[in-house]
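The values are calculated or read from the model by the stated rules, or taken from the named source; none is laboratory data. Only a predicted model underlies this, so the values are computations on that prediction, with no experimental measurement involved. No Cβ is skipped: glycine too gets one built from the backbone with ideal geometry, and neighbour counts run over all protein chains shown.
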Amino acid sequence: MRHLLLSASTTALVLLLAGCSIGERYQEPETEAAPAFKGQPDAVAGESELLANAWWQAYGDARLNALVAQFARNNQDLAAAAARMDQALARLGLARSEHFPQLDASGSFSRERTNRIDGRNPTQNLYDARAIARYELDLWGRVSGLVDAAKAEAGAETARYEGVRLELLTQLVESYLVLQTVDAEIDLLEQTLELRQGGFERIQSRHEAGDSDGLALAQARTELELTRAEAIGLRNLRGSLENALAVLAGASPSTFHLEAHTQEALPTLPEVPVGVPAQVLARRPDVFAAERQLKAAHERIGVAQADYLPRFVITGSAGYTANEGDGLTEWRNRAWSIAPTVSLPLFRGGELDANLAQARAAAEEARAHYRQTVLGAVQEVEDALNAQQVLAEQMHAQQDAVDAALRASEISNARYSGGLVSYLEVVDTERTQLEAQRQLTELQRQRYVANVALIRAVGGSWGTLPMEGGPVVAGL
């Protein structure tokens, strides 16, 4: 009875010590964010309706919306990222399991013979069935630190999943919009090809009638074939874009096909209200992931510090032991034990010091990575804002150039029809017109890329994909 009271007293004392922990409390890193982006100095904080919803729908293209839905269901990189997130959540479950007692059941049978002095050597059976429990008291917060680190890592992996989803989704939208501009440019070249074919046939008729020399005919043929070659080259680019869209949508490039767009106008560029830097940093998944990784590294410092201190483990068992199997569960055959144990590291050859130094260095690395991620995020937003502004101005000037080139081409054709100039002037003005129109299409392509880049830079919108049974992580 005295031993039982002593064991109970020891256990109670250890339990009273539980809840003590070492290590500094984690504080989220402070970020010195400017009051506004220099590319959008008049912006104010506030949630953008575009970013709060399915932003890709703002382009007003039903085929694009269908591709996004297919991407959400079938993209394999996204599925791999979801699996990595599930692994992190499973590791969190493993860490949390250490907060609870470990309970096992065991059963055994043995037959043994004992040699005695009196010469009687009896043989007996021994049956044993019992439950065994083991519980480590988290006195210094070692187990809690492991759980908090795993929880932070699960949050980081969830944010990485969102980052992968945003990156892949913006790749898909960008590729689709670029494909639309390529289709528009192919359409422009095909229209030009028809005009060049008609011009060539007229020059050929005049040449056969003796009203035109061979130079004009050769020039007309040259421009015709150059235009044809450029149209063929663009079809190669279109094929590559279509194949890239197939992979992003989780389809085989061999069976995937998108018809050339039949819209009179290209999709509209949506306005992207950026907000202030602090708002953007809070929305970006890579910044959130870096902060959670810093949190995990901080918690591991406390775990490494706790390794210097004693560890208390309570082991107990209860069950039955008997010589006969039939009477094993009788009350008189009951057996139990309780064994509080303590272990304290005395000499590890510098292992604990090295482990703590590694944990602190890892935390410094995570802190530097977080700061660099913040700087990179601000840079991406500023770059995208600058590109949007410059491209808008450039496109306005290019539109004026296209209008002037069209007027020059009309005048040149009228002068040629009146016999005032040679066909060389017509060739020059039409070539200038075509180049101006193609450059305008190229600028539109760049504006689409910059528009999507800005949405990516400000963090897009989390959790808005049309997915059934998509991952939902609470409390991370």
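Some observations on this one:
- Residue-level check: of (1) of a type outside the set (A, V, I, L, M); (2) farther than 30 Å from ILE338 by Cβ; (3) touching a strand residue (DSSP E or B) at 6+ places or on another chain (Cβ under 7 Å), PRO270 misses just (3).
- The condition (being of a type in the set (Gly, Ala, Ser), in contact with a Phe, Trp or Tyr (Cβ under 9 Å, 6 or more places away or on another chain) and within 27 Å of ILE455 (Cβ to Cβ)) is satisfied by just one residue among ALA249, ALA220: ALA249.
- Meets criteria (out of contact with any Ser or Thr (no Cβ under 8 Å at 6 or more places or on another chain), surrounded by 13 or more Cβ atoms within 10 Å (Cβ to Cβ) and part of a helix (DSSP H, G or I)) for THR373: yes
- Any hit, the stretch 283-294, residues being touching an Asp or Glu at 6+ places or on another chain (Cβ under 8 Å) and among the charged types (D, E, K, R): yes
- Summed over the stretch 40-66, the residues that are surrounded by 11 or more Cβ atoms within 10 Å (Cβ to Cβ) and at pLDDT 80 or above give a count of 12.
- VAL272 being surrounded by 16 or more Cβ atoms within 10 Å (Cβ to Cβ), at pLDDT below 95 and under 30 Å from HIS99 (Cα atoms): no
- Given (1) in a helix (DSSP H, G or I); (2) at pLDDT below 85, index of the condition LEU266 fails: (1)
- Residue list for the stretch 290-311, filter: over 34 Å from the mean Cα position of the chain (by Cα) and either surrounded by 23 or more Cβ atoms within 10 Å (Cβ to Cβ) or in a helix (DSSP H, G or I) (or both): ALA306
- Among (1) within 25 Å of LEU64 (Cα to Cα); (2) part of a helix (DSSP H, G or I); (3) of a type in the set (S, T, N, Q) - the single one SER254 does not satisfy: (2)
- Screening the stretch 139-170 for residues that are of a type in the set (Gly, Ala, Ser) and farther than 9 Å from ALA88 by Cβ and picking the one that is modelled with the lowest pLDDT gives GLY141.
- Filter result for GLY239 (closer than 30 Å to ALA453 by Cβ and not in a helix (DSSP H, G or I)): no
- Residues (assigned to a loop (DSSP other than H, G, I, E, B), within 24 Å of PRO101 (Cα to Cα) and of a type in the set (A, V, I, L, M, F, W, C)) located in the stretch 312-351: LEU344
- Taken over the stretch 233-251, the residue count meeting the criterion of being farther than 17 Å from LEU78 by Cβ and either hydroxyl-bearing (Ser, Thr, Tyr) or within 24 Å of the chain's Cα centre (by Cα) (or both) is 4.
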